[in-house]
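The values are calculated or read from the model by the stated rules, or taken from the named source; none is laboratory data. This structure is a prediction, so every number in the text was calculated from the model and none was measured. Using ideal geometry, Cβ is built from the backbone for each residue, glycine included, and neighbour counts are taken over all protein chains shown.
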Amino acid sequence: MLLILLVAGPTLWVMHAESWSLGRRSPVLSYDSSQYALAARELAHTGRFATIYALPLELARHAQPPWPLALVQPGLVVLEAVAFRLAPGELKFGGRSVAQWKRPDQAEWLVIPITFTCYMMCGILLALAVSKLLRRHAPGGGDGTRMAAAGTIGLAFLLDPEAQHFGVGGFTELPFTCGLVGALALLALDRAQRRPLLYGLLLGVTGTFRLNMLWLAPALVIAATALAPREQRARVAALALLGFAIPLAPWWIYKWVAFGTPAWDLGHYAIWDGVQGRTWFTLNHLPEPPRLPQGFEAMRLIAAKILRNLPGLLLATCAGPRALWLGSLVAWTVLAREPRTLRVVAVTVLVVFGLGLLAAAAGFPWLRYAFPGRIALEAAGILALWGLIAMAPPAAITPRWAPALRIAVATLALAWGTWQTASGNAEARASSATRGVPNTQTMLQITVLLNREIPAGEPVMSNLGPTLAWCAKRPVVHLALAPEDLDACRRRLDFRHVLLVFRTPAHAWGAWSEIVAHPLDARRRPELNVVRVRRYQSADGFIFVWLELGPLGPGFASAEAPLTRVR
């Protein structure tokens, strides 16, 4: 079983990486993963938690670079910093150099082994957990049946195109999913309540990768407490919560010192995206905190958003046989009386899945935010369907047909995964050709051009954001909401260069499309203070507009009047 997984996993990973044209048309680091790599590089080189990329909103609290970490969680930052720190200057094979990490486009490959390892670990962990569960609760099935069932669960995960995609970039989803699957496995194997402190530590370490664990941890701790003997439940809950807090306490202290509250995270603004006309851009691309509803009105608006987004998310999550897995898990939870441990774990999986959907509905209604809970649900749902077949009375399913039905379930799971993999690779090939970020070669050319004319360490503003900061090794502020907001941003941080890189003017957001379409007109707008305009066309079809701004006047530079722009 392990050999099959160890062969299938890398094969599927390479197929997806080739479809995505990783490192060629598609840079290794995306918008999200660049932010983690930037913070990791800063930690590896300076020993501090900081970054050289900021959204305009962050200038309201901290104007000068490097900026404290307001968007990323520390877990992946630490792992990548260790990789950057320990990696040799180059790797040699047979006396020849096969890899080196001198340039940013070379060093970005160091993040890949982390997520690839988590991709493989998730598949193997699911298979091993299923094997142990079947050995304990279905010993009469035989080793062959047990290994086939475990291999099916592991392969079903490896065939998931979303898992493959997260495995080819520096995303936090797979490390978080590894921790979540491990925690659920400890519950199912009766280990969590026996070692509550270690169980809590696992939850805390998992929480350093994604903020989701803050609302999942209570459900997981309650599950461990419910499985403990009555006289030990208070002890189990206390130790699990203590273990959860230990890895996260230094991060909470860091947030408290940097932002004045341990709960500060710019990701919280996502709940207002799509509410009363607000978007992620209007919330984060102005250098002042947004004015938001409070109290009952805020609760009403967020509840309305959740109710609006939840049905679509649920339907998308239940595509194909996933509805069958969900229904089977619910039916098994209702019908099964023993073993109690598995019933508690089944309910916990449903709760985790439901909380993941609610979080996605409250923030960005994207399926990726429900990924960890969905993976746990699908594995548990397949097991539940096998369990329902085993529970069925002989009058409904004869012993002769039960093995055939179990094989049919396994075949359905693998066939669905195979079809999903093929569809995911086709989508990756199409997406890589229409990405909104230039390819690696163009990014290198932009970097060389900037570093040739702008002094090292001087900040710039660009819609390329963290991707440009990673390649150019200089502070970058993400593009302001509109051209007229440049002055407000410069009140906080005086930058002289604005770089606009879009495929076409139509791809630029808001009023910036006019600047991209007619860059020379920017000099005719005195409020923009543009003194020089340059326009380039890249080989991969991107328009590159470089605006050089004039110096700020003395009165303007010292202005502190509050902004009144309506959003």
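Observations on the structure shown:
- Taken over the stretch 275-332, the residue count meeting the criterion of being closer than 18 Å to residue 352 by Cα, polar (S, T, N, Q) and either over 25 Å from the mean Cα position of the chain (by Cα) or at pLDDT 95 or above (or both) is 1.
- Breaking point among (1) outside any helix (DSSP H, G or I); (2) in contact with a Phe, Trp or Tyr (Cβ under 6 Å, 6 or more places away or on another chain), for residue 406: (1)
Listed here are the residues, each with its yes/no results for (1) in contact (Cβ under 8 Å) with a residue 12 or more places away in the chain; (2) in a helix (DSSP H, G or I); (3) in contact with a helix residue (DSSP H, G or I) (Cβ under 8 Å, 6 or more places away or on another chain).
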position: 287; (1), (2), (3): yes, no, yes
position: 313; (1), (2), (3): yes, yes, yes
position: 331; (1), (2), (3): yes, yes, yes
position: 338; (1), (2), (3): no, no, no
position: 341; (1), (2), (3): yes, yes, yes
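- Residue 424, sole failed condition from (1) farther than 30 Å from residue 11 by Cα; (2) within 19 Å of the chain's Cα centre (by Cα); (3) not hydrophobic (A, V, I, L, M, F, W, C): (1)
- Test for residue 154: is it crowded, with 24+ Cβ neighbours inside 10 Å and within 21 Å of the chain's Cα centre (by Cα): no
- Qualifying positions in the stretch 343-397 - more than 28 Å from residue 309 (Cα to Cα), part of a loop (DSSP other than H, G, I, E, B) and among the hydrophobic types (A, V, I, L, M, F, W, C): 392, 395, 396, 397
For every residue, the table says whether it meets (1) acidic (Asp, Glu); (2) at pLDDT below 95; (3) more than 18 Å from residue 180 (Cβ to Cβ).
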site: 224; (1), (2), (3): no, no, no
site: 240; (1), (2), (3): no, no, no
site: 246; (1), (2), (3): no, no, yes
site: 256; (1), (2), (3): no, yes, yes
site: 259; (1), (2), (3): no, yes, yes
site: 263; (1), (2), (3): no, yes, yes
site: 266; (1), (2), (3): no, yes, yes
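- Residue 373 of a type in the set (Gly, Ala, Ser), touching a His at 6+ places or on another chain (Cβ under 8 Å) and either touching a residue at least 12 places away in the same chain (Cβ under 8 Å) or surrounded by 14 or more Cβ atoms within 10 Å (Cβ to Cβ) (or both): no
- Looking across 154, 140, 200, one residue alone is in contact (Cβ under 8 Å) with a residue 40 or more places away in the chain, more than 30 Å from residue 432 (Cβ to Cβ) and either hydroxyl-bearing (Ser, Thr, Tyr) or assigned to a helix (DSSP H, G or I) (or both). It is 200.
- Test set (1) in contact (Cβ under 8 Å) with a residue 40 or more places away in the chain; (2) under 23 Å from residue 488 (Cα atoms); (3) not β-branched (Val, Ile, Thr) - residue 277 fails condition number: (1)
- Within the stretch 166-189, being under 13 Å from the mean Cα position of the chain (by Cα), β-branched (Val, Ile, Thr) and in a helix (DSSP H, G or I) holds for one residue alone: 177.
- The single residue among 444, 520 that is closer than 20 Å to residue 108 by Cβ and surrounded by fewer than 21 Cβ atoms within 10 Å (Cβ to Cβ) turns out to be 444.
- Count of residues meeting criterion [surrounded by 13 or more Cβ atoms within 10 Å (Cβ to Cβ) and in a helix (DSSP H, G or I)] in the stretch 423-440: 8
- Test: residue 163 is assigned to a helix (DSSP H, G or I), buried (at least 22 other Cβ atoms within 10 Å of the Cβ) and under 29 Å from the mean Cα position of the chain (by Cα): yes
- A search for C-beta distances below 6 Å between a residue of the stretch 497-524 that is more than 13 Å from residue 549 (Cα to Cα) and any residue that is polar (S, T, N, Q) and part of a helix (DSSP H, G or I), counting only pairs 6+ apart in sequence or on different chains, returns 505/513.
- Within the stretch 468-502, considering residues that are part of a strand (DSSP E or B) and not aromatic (Phe, Trp, Tyr), the one surrounded by the fewest Cβ atoms within 10 Å (Cβ to Cβ): 497
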